[in-house]
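Have a look at the structure below before the remarks.
The values are calculated or read from the model by the stated rules, or taken from the named source; none is laboratory data. The shown structure was predicted, so the numbers you read here are calculated from the model rather than taken from an experiment. Here the Cβ positions follow ideal geometry from the backbone for every residue, glycine too, while neighbour counts run over all protein chains shown.
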Amino acid sequence: MVVAFAILAAWELVTAIGVMASRRPIYNALSLVANMLGLAVLFLLLNAQFLFAAQIIVYAGAVMVLFVFIIALLNPQMDITLSRPSMEWAYGLIFGVVFAGLILALVYNRDLTGIPGPFTPEVIDAFGNVQILGAVLYSRFLLPVEVTSVLLLVAAVGAVYLAARKIR
Amino acid sequence: MIVNVNAIGIDYTTILPELVVTGTAILVLILDLFIPADRRRILALVAILGLLGALVASIPLWGHNKFAFGDTVVGDSFAAFFNVILALTSILTVLISPRFLRARQLDYGEYYVLILAATAGMMLLAAATSLMTIFLGIELLSLALYVLSGFARTQLRSQESALKYLLLGGFATGFLLYGMALIYGATGATTLRGLALVAGSPTAGGNALLLLGIGFLSVGLAFKASAAPFHMWTPDVYEGAPTIVTTFMSVATKAAAFAAVGRVFVAVFPALQYRWYVPLALIAVFSLFIGNLVAIVQDNLKRMLAYSGIAHAGFILLGVLPGTPDGLASTLFYIAAYAVMNFGAFAVVTSVGARGEETANINYWRGLFYRRPFLATTMTIFMLSLAGIPPTVGFFAKLFVFRSLVVAAQTANSGQFWAPLIVAIVMTVVSFYYYLRVVVVMLMTPEGEVTEREPVGASMGTVLAISAAATVILGLFPGVIFDWASTAAGVHL
Amino acid sequence: MLSDYFPLLIFLAAIFVFGLIALFFPPWLAGARTTTAKALPYESGIVPRTTARRRFAVSFYLTAMLFIIFDVEAIFIYPWAVILKGLRWFGIAEMAVFVGILLIALIYVWKKGALEWGS
């Protein structure tokens, strides 16, 4: 378990750096796909099979298709590289170091305690991951689910309004 | 596996305002598909009727405390107070929209759908008592506003505004979501009720996960409220978006964001006030400094009002700092006052710049008193109120917030409330300069040729008259609204 | 628990190894020989006229965006279908509202002509 996590964590770090480091947008996008696939396997390690599937179908599938299309849409020449970063990386570094320091200081100064929820691995094994998710989503979180459909409706309206060639 | 559906607590009356607004949005969307383009004024009418319906549906919530849908939403006075502010803001926006949109050839039905969807999201945010509904409310209002800021889709400025808002908003949402995940990890609860139980325990103050989560959560909320140092997007987005959209979002988004801030900090985490006081006070002081000092050098009225909005976010946040219902009451009063006066100020900018964006430059406003006396007079009232000069409502808004800090300092017998108070008073004096500068510029004799007079229009005239009258009348009788605010601020979980 | 996925891991490794074999074994066996026909993008297809590195039509973006929206809808239906028996008619009503709202989105997209290509 720990070994699997260590391998995946390393994979996630390397691919995340790949997302930022390459100056060709298409390579950034492909690194992101690799990153999302690794994240999906991390979900699997946590017994979240449904999230694993959703992560691959929605993120590694649909969202990445959109990203690649946008890169193709923006760059008339897909081989064009991004301009060399100037001072931005310095600001990013300062921010990142401060941020990491803040988190480390908090984590080491106080005990890190979480409270386990009602759905322990044993409970999940007894009923099944998707069953429990479905039961919770469609009972306690009924309202958020329905709001999600409104959110998707608004997204459709916005996408069509902003991207359609001609509006009727 | 059998699911017990009866335990969910389905109660449609608690979310009736949101349901009505969402239903109206869908109705407008369908109507838009079938009515001819030259009759789109009907859509505005339908939208206003729906919003009036939501206003009526909010009244029964007053004085109640009804949780529903697995404790994810609540129908209480707090939600009703915000529903009224949000519905009225939306109604006034829609009233002055058709004329503005037609002048810009932007008269599409999607505009009303998106305004209504944003309003529904804001109402949901005001009623949300679960991390899930808080997130979805913020997303619903943000998504609609991203598209609305790019509504002039062929104009580069509007596109830039939408893109900046989307990218930075997405970044802020990341913080918000990360914070929520950490809070869930620390408490095992997503409902605010469950969170309050854990946060009330004596060990909560030492829980790093919880504190980190609250910190990230406040970053996400402060972004939406455009409080410094998370304000960078505000001037550019406000300037680039169509002015009518800026009018709506400068008022409504801030109100909705502070509804969530108020509920989370005063109702859920009052026991942790000693932990969140310093970061929140710093945000307030930063907002006061940056907003007021940078507003001085702005020559573009939309940018000036954007920085003034940042400054007001600081003032509004002051009332949250004591972490008591009394302080929250002054915050609620301030939000109501800010809604009236800032809406009015932006509406005047909309009216003056109905045909082109360059009119937001201060030079264009030279001698406005002689060209368009009605607009100049109402603008003067709004500027005086934003500055906080009696007898306008803006004066009492500041007074109540300052008083709540003084009271908190006396009851807690600690000096920590004096520092933000002193900053706020000094910055109020600073703000006189840039608000009164607008008035002085409008009084100066016009140079060069006098441009042709354009009629204000019946709907805009009415809306401006209402806002101006409200600014003065609420300033003369602030007690009524303050009583309502005090009732609404008594949030129970 | 983790060992449940061990066959899957073997499967993935097999795919990887097979890919390597398919890529490197034939050239090693037959020797690499490049011809003009082999260098074409489509060996037995239409001869390309211009470069493929050109700006894509915005319709692709719109289609991808709409695909995401309805993809997410499908993801929501999956856990619902698994527990529909437990939810009974209440579940049907829930999903009717959910799908109904997105049906309106579909009607909107359709009527606005966003599904027509290049018109």
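See the values below:
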| quantity | calculated |
| --- | --- |
| Single match in B:Val261, B:Val251, B:Val297 (criterion: free of Cβ contacts under 8 Å to residues at least 60 places away in the same chain and closer than 27 Å to B:Val440 by Cα) | B:Val297 |
| Test: residue in segment A:41-63 that is within 27 Å of C:Leu62 (Cβ to Cβ), surrounded by 18 or more Cβ atoms within 10 Å (Cβ to Cβ) and over 12 Å from the mean Cα position of the chain (by Cα) | yes |
| Options B:Ala189, B:Ala222, B:Ala227, B:Ala196: the member that is outside any helix (DSSP H, G or I) and either more than 11 Å from chain A (Cβ to nearest Cβ) or in contact (Cβ under 8 Å) with a residue 40 or more places away in the chain (or both) | B:Ala227 |
| Members of segment B:199-218 found to be of a type in the set (Ser, Thr, Tyr) and in a helix (DSSP H, G or I), listed by number | B:Thr203, B:Ser218 |
| Identity of the residue in segment A:136-168, touching a Lys or Arg at 6+ places or on another chain (Cβ under 9 Å) and not aliphatic (A, V, I, L, M), that ends up nearest to C:Val109 (Cα to Cα) | A:Tyr161 |
| Residues that are charged (D, E, K, R) and either under 17 Å from A:Ser149 (Cα atoms) or at the interface with another protein chain (Cβ under 7 Å from one of its Cβ atoms) (or both), drawn from segment C:69-98 | C:Asp71, C:Glu73, C:Glu94 |
| Segment B:331-354 residues that are farther than 25 Å from B:Ala267 by Cβ, paired with ones that are aromatic (Phe, Trp, Tyr) and assigned to a helix (DSSP H, G or I) (beta carbon under 7 Å, 6 or more apart) | B:Met341/B:Phe382; B:Gly344/B:Phe382; B:Ala345/B:Phe382; B:Val348/B:Phe382; B:Thr350/B:Phe100; B:Ala354/B:Phe100 |
| Qualifying helices (runs of 4 or more DSSP H) (wholly inside segment B:233-318; at least 3 residues being more than 28 Å from B:Leu114 (Cβ to Cβ)) | B:273-296, B:301-318 |
| Output for segment C:59-68, where each listed residue is facing chain A (nearest Cβ under 7 Å) and not hydrophobic (A, V, I, L, M, F, W, C) | C:Tyr61 |
| Criterion violated by C:Ile83 - all others in (1) touching a Gly at 6+ places or on another chain (Cβ under 8 Å); (2) touching a residue at least 12 places away in the same chain (Cβ under 8 Å) satisfied | (2) |
| Unmet criterion (only one of (1) among the small types (Gly, Ala, Ser); (2) more than 14 Å from chain C (Cβ to nearest Cβ); (3) touching a strand residue (DSSP E or B) at 6+ places or on another chain (Cβ under 7 Å)) for B:Gly50 | (3) |
| Filtered residue count, segment B:86-112, keeping only those that are among the charged types (D, E, K, R), within 13 Å of another protein chain (Cβ to nearest Cβ) and surrounded by fewer than 21 Cβ atoms within 10 Å (Cβ to Cβ) | 1 |
| Matching entry among B:Phe67, B:Phe151 (being touching a strand residue (DSSP E or B) at 6+ places or on another chain (Cβ under 8 Å) and not in a helix (DSSP H, G or I)) | B:Phe67 |
| Segment B:198-216, residues that are modelled with pLDDT of 90 or more and closer than 22 Å to A:Val136 by Cβ | B:Gly213 |
| Some residue of segment A:105-123 being without any contact (Cβ under 8 Å) to a residue 40 or more places away in the chain, within 24 Å of C:Arg88 (Cα to Cα) and surrounded by 14 or more Cβ atoms within 10 Å (Cβ to Cβ) | yes |
| Checking B:Ala68 against (1) within 13 Å of chain A (Cβ to nearest Cβ); (2) in contact (Cβ under 8 Å) with a residue 60 or more places away in the chain; (3) surrounded by 18 or more Cβ atoms within 10 Å (Cβ to Cβ); (4) of a type outside the set (Ser, Thr, Tyr), the condition it does not meet | (2) |
| Out of B:Val3, B:Val28, B:Val56, B:Val21, sole residue that is assigned to a helix (DSSP H, G or I) and free of Cβ contacts under 8 Å to residues at least 60 places away in the same chain | B:Val56 |
| Matching residues, segment B:22-42, being within 28 Å of the chain's Cα centre (by Cα) and away from chain C (no Cβ under 14 Å) | B:Arg40, B:Arg41, B:Ile42 |
| Residue in segment B:397-423 that is farthest from B:Leu280 (Cα to Cα), counting only those that are among the hydroxyl-bearing types (Ser, Thr, Tyr) and part of a helix (DSSP H, G or I) | B:Thr411 |
| Scan of segment A:153-164 for residues that are within 8 Å of chain C (Cβ to nearest Cβ) and crowded, with 20+ Cβ neighbours inside 10 Å, ordered by number | A:Leu153, A:Ala155, A:Ala156, A:Val157, A:Ala159, A:Val160 |
| Unique residue being under 24 Å from B:Ala419 (Cβ atoms) and either of a type outside the set (Asp, Glu) or modelled with pLDDT under 90 (or both) when the list is B:Gly344, B:Gly314 | B:Gly314 |
| Residue, farthest from the chain's Cα centre (by Cα), within segment A:125-147, restricted to residues that are more than 7 Å from every other protein chain (Cβ to nearest Cβ) and surrounded by 18 or more Cβ atoms within 10 Å (Cβ to Cβ) | A:Ile132 |
| For B:Val219: the one exception among (1) under 16 Å from B:Val261 (Cβ atoms); (2) of a type in the set (A, V, I, L, M); (3) surrounded by 22 or more Cβ atoms within 10 Å (Cβ to Cβ) | (3) |
| Candidate set: segment C:104-117, residues that are assigned to a helix (DSSP H, G or I) and surrounded by fewer than 14 Cβ atoms within 10 Å (Cβ to Cβ); chosen: the one nearest to the other protein chains (Cβ to nearest Cβ) | C:Ile107 |
| Residue selected from segment C:2-58 under the condition assigned to a helix (DSSP H, G or I) and among the aromatic types (Phe, Trp, Tyr), by the criterion nearest to the other protein chains (Cβ to nearest Cβ) | C:Tyr5 |
| Condition check for B:Thr129: farther than 19 Å from B:Ile26 by Cα, more than 18 Å from the chain's Cα centre (by Cα), more than 10 Å from chain A (Cβ to nearest Cβ) and touching a residue at least 60 places away in the same chain (Cβ under 8 Å) | yes |
